[in-house]
Amino acid sequence: MPCLTFRELAAAVASGLADKGIMAIENTISGTIQHNLELIREQQLWISDEVIMRIRQHLGGVPGSSLQSIRKVYSHYMALNQCRPFFEAYPEVELIESEDTALSIRDVAIAGSTEMAAIGSALAIARNGLIVLGKEIEASKQNYTRFLILDRLPQTPTACNKASISLVLKSDPEAFTQAMALLHNWNIHLAKIESMTIPGQPWHYRYYLDLRFESEGQLAQLLADIESLAVSIQLLGKYTAHTL
């Protein structure tokens with residue numbers, strides 16, 4: 001079930017309209033999509049797995065077009081960010097953000113203009129009858145996107161070694177240091193941390209943490225211990241970590 005926005009995706013899973021959701025969360029070139037972390041927490045979705053994919057971005061145009069003829073290139077902002085260095089040699093080309101890579105390719109195919117092109121997958125380019133004007137134009141060949149598999153209700157994994165949590169600490173200058181010390185005490189690896197401002201609370205932050213552990217008992221002990229330092233703590237999911 002295609003969704004044009006991440007918010008629409010989250011709502012579809014939360015309402016039960018979709019059985020599961022697949023949401024991009026992080027790219028090795030463009031970084032983390034922090035807004036999606038907020039959507040997962042706000043909609044009370046459950047992260048049940050992660051998938052890491054090698055991303056190859058191609059430039060597609062209508063038959064008869066060329067790198068010299070195009071003047072506007074459309075794609076999702078993440079895809080544009082991954083490919084900006086390619087267009088430094090083409091200063092006359094305007095990069096225009098759109099809702100989706102595949103939708104951009106379809107729109108270029110419908111428009112039929114040799115001055116328009118779009119960035120996306122080779123499959124989408126071929127299915128819409130376009131030609132490849134530039135192959136693998138992403139800035140780095142180490143271009144990977146991490147996707148999260150989302151459920152409406154918490155799932156009980158058969159085995160897991162990774163968890164994601166949302167954490168707001170008390171207004172105590174030592175709270176963050178003490179929280180990090182607890183990770184060390186329970187031999188839990190901090191795989192990733194993001195901080196986001198809390199509207200209406202200047203200089204107070206919500207942290208999103210990805211944690212790696214050997215046993216669920218370690219995680220349970222950490223969450224119990226860290227509660228005394230927290231204003232709020234929310235377990236967003238437990239799943240198996242994937243590597244490149």
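Which pairs do you get when a residue that is under 16 Å from Gly237 (Cα atoms), found in the stretch 25-36, comes within reach of a residue that is open to solvent by 30 Å² or more (accessible area, probe 1.4 Å) and assigned to a helix (DSSP H, G or I), reach meaning Cβ atoms under 8 angstrom, with the pair 6+ apart or on two chains?
As it stands, the answer is Asn36/Phe6, since those pairs meet every condition given.
Is there any pair linking a residue in the stretch 1-23 that is assigned to a loop (DSSP other than H, G, I, E, B) to one that is loosely packed, with under 14 Cβ neighbours inside 10 Å and not hydroxyl-bearing (Ser, Thr, Tyr), with Cβ under 6 Å and at least six apart or on different chains, and which?
Pairs found: Ala18/Met1.
Can you tell me which residues in the stretch 25-69 are part of a loop (DSSP other than H, G, I, E, B), within 20 Å of Tyr207 (Cα to Cα) and open to solvent by less than 30 Å² (accessible area, probe 1.4 Å)?
Within the stretch 25-69, Ile33, Leu45 meet the criteria.
Can you name the residue in the stretch 184-202 that is farther than 16 Å from Ala241 by Cβ, under 25 Å from the mean Cα position of the chain (by Cα) and of a type outside the set (S, T, N, Q) and is also most open to solvent (accessible area, probe 1.4 Å) among such residues? Outline the logic, then answer.
Our first condition is that a residue be farther than 16 Å from Ala241 by Cβ; within the stretch 184-202, this holds for 184-186, 194-202.
After this cut, where a residue has to be under 25 Å from the mean Cα position of the chain (by Cα) as well, the list is 194-199.
Of the ones still in play, those that are also of a type outside the set (S, T, N, Q) are 194, 196, 198-199.
Numbers: Glu194: 33, Met196: 31, Ile198: 25, Pro199: 120 Å².
Looking at residues that are farther than 16 Å from Ala241 by Cβ, under 25 Å from the mean Cα position of the chain (by Cα) and of a type outside the set (S, T, N, Q), I get Pro199.
Determine which member of the set Ile149, Ile131, Ile193 is in contact with an Asp or Glu (Cβ under 6 Å, 6 or more places away or on another chain) and under 26 Å from Tyr77 (Cβ atoms).
Ile149
Taking the stretch 86-104 as the search range and keeping residues that are under 14 Å from Leu4 (Cα atoms) and outside any loop (DSSP other than H, G, I, E, B), which one is most open to solvent (accessible area, probe 1.4 Å)?
The extreme case among them is Glu97.
Does Arg146 satisfy the condition of being of a type outside the set (Ser, Thr, Tyr) and within 24 Å of the chain's Cα centre (by Cα)?
Considered against the rule, which asks whether it is of a type outside the set (Ser, Thr, Tyr) and within 24 Å of the chain's Cα centre (by Cα), Arg146 comes out as yes.
Considering only residues that are more than 28 Å from Asn81 (Cα to Cα), open to solvent by 70 Å² or more (accessible area, probe 1.4 Å) and in contact (Cβ under 8 Å) with a residue 24 or more places away in the chain, which ones fall in the stretch 136-175?
Arg152, Leu153, Pro154, Gln155, Lys170, Ser171, Asp172, listed by residue number.
Out of the stretch 217-238, which residues are open to solvent by 60 Å² or more (accessible area, probe 1.4 Å), touching a strand residue (DSSP E or B) at 6+ places or on another chain (Cβ under 7 Å) and in a helix (DSSP H, G or I)?
Once the filter is applied, which keeps residues that are open to solvent by 60 Å² or more (accessible area, probe 1.4 Å), touching a strand residue (DSSP E or B) at 6+ places or on another chain (Cβ under 7 Å) and in a helix (DSSP H, G or I), the stretch 217-238 yields only Glu227.
Among the candidates Ser104, Ser75, Ser113, single out the residue that is of a type in the set (Gly, Ala, Ser) and either closer than 30 Å to Lys192 by Cα or at pLDDT below 95 (or both). Lay out the reasoning, then the answer.
Numbers: Ser104 fails: either closer than 30 Å to Lys192 by Cα or at pLDDT below 95 (or both); Ser113 fails: either closer than 30 Å to Lys192 by Cα or at pLDDT below 95 (or both).
Matching residue, one of Ser104, Ser75, Ser113: Ser75.
Looking at (1) assigned to a strand (DSSP E or B); (2) within 15 Å of Ile119 (Cβ to Cβ); (3) open to solvent by less than 40 Å² (accessible area, probe 1.4 Å), which is the one condition that is false for Tyr74?
For Tyr74, the exception is condition (3).
The values are calculated or read from the model by the stated rules, or taken from the named source; none is laboratory data. Note that the structure is a prediction, hence the values are computed from the model and not measured. Using ideal geometry, Cβ is built from the backbone for each residue, glycine included, and neighbour counts are taken over all protein chains shown. With ligands, DNA and RNA removed, areas are computed over all heavy atoms of the protein, side chains included. Shrake-Rupley method; radii C 1.70, N 1.55, O 1.52, S 1.80 Å.
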